[in-house]
Amino acid sequence: MADDSGFTTMAGKTATSEAPVLGVGMLGYAFMGKAHTNALKKLPYMMYPPVAIPRLVAICGRNKDATTAAAKRYGYEKVYTDWRKMLKDPDVRVFDNGGPNDVHAAPTIAAAEAGKHVICEKPLARTAAEAKKMLDAVEKAGVKHMVAFNYRFVPAIVQARKLIESGALGRIFHFRAVYLQEWIIDPNFPKIWRLDKKVAGSGALGDLGAHIIDLGRYLVGEPKSVMGMTRTFIEERPLPDGSGKGKVDVDDAFVALLDFENGALGTVEASRFAQGRKNFNSLEINGEKGTIQFNLERLNELNVFWAHEDPKETRGFHNAMISESYHPYWENWWPSAHMIGWEHTFVHEFHHFFDAIVNNKSVAPYGADFNDGYRNAVICDAIVKSAQSKRAVDIKY
């Protein structure tokens with residue numbers, strides 16, 4: 001059922017034996033393949049009673065040996081090296097696309113045309129034009145569709161959304177977010193697919209920036225214009241096969257200003273050149289009645305400030321543990337302050353998606369659907385355009 005904020009809870013659901021089975025076919029077996037599979041296996045017994053029972057029908061990858069090893073490790077029934085053949089499998093009802101960015105569009109569009117519900121990793125596409133084709137395909141097919149912006153399913157982020165929706169912060173003045181990592185600073189780090197525009201579409205912008213841009217839209221609203229700067233610090237890197245060096249044609253870092261439709265000002269920044277930062281995704285929202293601050297590396301916490309408190313007594317920032325049974329999703333986990341982690345966001349994400357499929361609910365506004373993925377791509381494209389033109393660019397969907 002749903003509480004009065006609209007967020008789904010599991011109270012009152014049917015018993016496990018009555019939950020429908022949804023066959024999943026997954027493209028990709030590496031980082032996201034592991035994260036998604038972990039969530040699919042946990043979901044039936046942790047989001048209990050489950051809204052659906054995922055069946056690990058098939059996994060697909062280009063390398064047959066590696067895909068077969070992944071199937072054995074994760075428990076998938078079948079192995080494919082051609083996603084076209086996997087999508088013809090009648091047991092696959094849900095297509096989970098965790099492949100590199102250059103294989104987001106074609107397989108996802110084909111899955112929709114085959115009547116499969118689709119969840120696709122972020123960014124939805126390499127460009128807004130590509131994302132629009134994907135959006136058109138899922139809408140035409142009438143299937144459920146979701147972009148895996150998993151940070152929408154951090155309980156503390158959901159709690160922040162609920163506070164904003166309740167009016168507790170009042171008018172929003174500022175949104176600022178950074179997403180910082182350090183893993184490609186070494187100039188001898190090879191030119192992997194994430195550093196190739198043809199495959200990735202963009203660099204830190206699509207890899208990290210897409211997340212915080214999505215959180216800006218999720219928590220504050222739509223931006224109406226952007227001003228951006230991008231920078232590539234190391235322009236050539238060794239090729240993975242040792243045959244020489246290749247040109248890096250994506251951004252290593254970006255910064256952007258956002259002008260929101262509701263009058264709020266925003267700043268977003270992402271870099272993979274921030275020494276000492278491993279996965280530092282931090283945001284702050286300043287409103288007329290208070291401030292909320294969040295750091296992914298301490299994802300069970302919110303720092304909050306309330307202007308109405310007496311400055312002589314308790315006024316100041318408070319560290320709030322988002323770990324009580326009444327907080328979003330926590331009724332499914334552990335006693336107070338027995339922490340959950342990054343991987344649990346995917347459990348919540350798949351629960352939300354399966355609930356939309358089984359009970360014919362909308363994925364949006366609390367999950368990101370392909371319209372959200374398309375709008376995110378429009379904003380990313382506008383930041384690149386602004387960086388190239390050195391001018392503000394209006395957001396046009």
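The values are calculated or read from the model by the stated rules, or taken from the named source; none is laboratory data. The shown structure was predicted, so the numbers you read here are calculated from the model rather than taken from an experiment. Here Cβ is always computed from backbone atoms with ideal geometry, including for glycine, and neighbour counts include all displayed protein chains.
Annotations
- Residue pairs whose Cβ atoms lie under 7 Å apart, sitting 6 or more positions apart in sequence or on different chains, and linking a residue in the range 301-325 that is at pLDDT 85 or above to a partner that is surrounded by fewer than 16 Cβ atoms within 10 Å (Cβ to Cβ) and among the aliphatic types (A, V, I, L, M), are GLU301/MET321; MET321/ALA337; SER323/ALA337; SER323/MET339.
- Residues in the range 90-133 that are touching a helix residue (DSSP H, G or I) at 6+ places or on another chain (Cβ under 9 Å), of a type outside the set (Gly, Ala, Ser) and either more than 18 Å from CYS60 (Cβ to Cβ) or without any contact (Cβ under 8 Å) to a residue 12 or more places away in the chain (or both): LYS122, PRO123, LEU124, ARG126, THR127, GLU130, LYS132, LYS133.
- Any hit, the range 283-296, residues being assigned by TED's automatic domain parsing to the domain that holds GLU222, without any contact (Cβ under 8 Å) to a residue 24 or more places away in the chain and over 20 Å from TYR151 (Cα atoms): no
- Residue match in the range 201-212 (condition: touching a strand residue (DSSP E or B) at 6+ places or on another chain (Cβ under 9 Å), under 18 Å from LYS247 (Cβ atoms) and either among the polar types (S, T, N, Q) or assigned to a strand (DSSP E or B) (or both)): yes
- Check on ASN279, in contact with a helix residue (DSSP H, G or I) (Cβ under 8 Å, 6 or more places away or on another chain) and surrounded by fewer than 18 Cβ atoms within 10 Å (Cβ to Cβ): yes
- Residue within the range 154-166 that is of a type in the set (A, V, I, L, M) and under 13 Å from the mean Cα position of the chain (by Cα) present: yes
- Candidates ALA356, ALA382 - the one that is among the small types (Gly, Ala, Ser), farther than 18 Å from ASP96 by Cα, out of contact with any Cys (no Cβ under 6 Å at 6 or more places or on another chain) and not in a strand (DSSP E or B): ALA382
- Inside the range 155-207, residues that are surrounded by 16 or more Cβ atoms within 10 Å (Cβ to Cβ), of a type in the set (Val, Ile, Thr) and farther than 21 Å from CYS380 by Cβ make up a count of 3.
- The set of residues in the range 325-371 that are more than 14 Å from the chain's Cα centre (by Cα) and under 18 Å from GLY33 (Cα atoms) comprises GLY341, HIS351, PHE354.
- Residue within the range 236-247 that is of a type in the set (S, T, N, Q) and either in a strand (DSSP E or B) or in contact with a strand residue (DSSP E or B) (Cβ under 9 Å, 6 or more places away or on another chain) (or both) present: no
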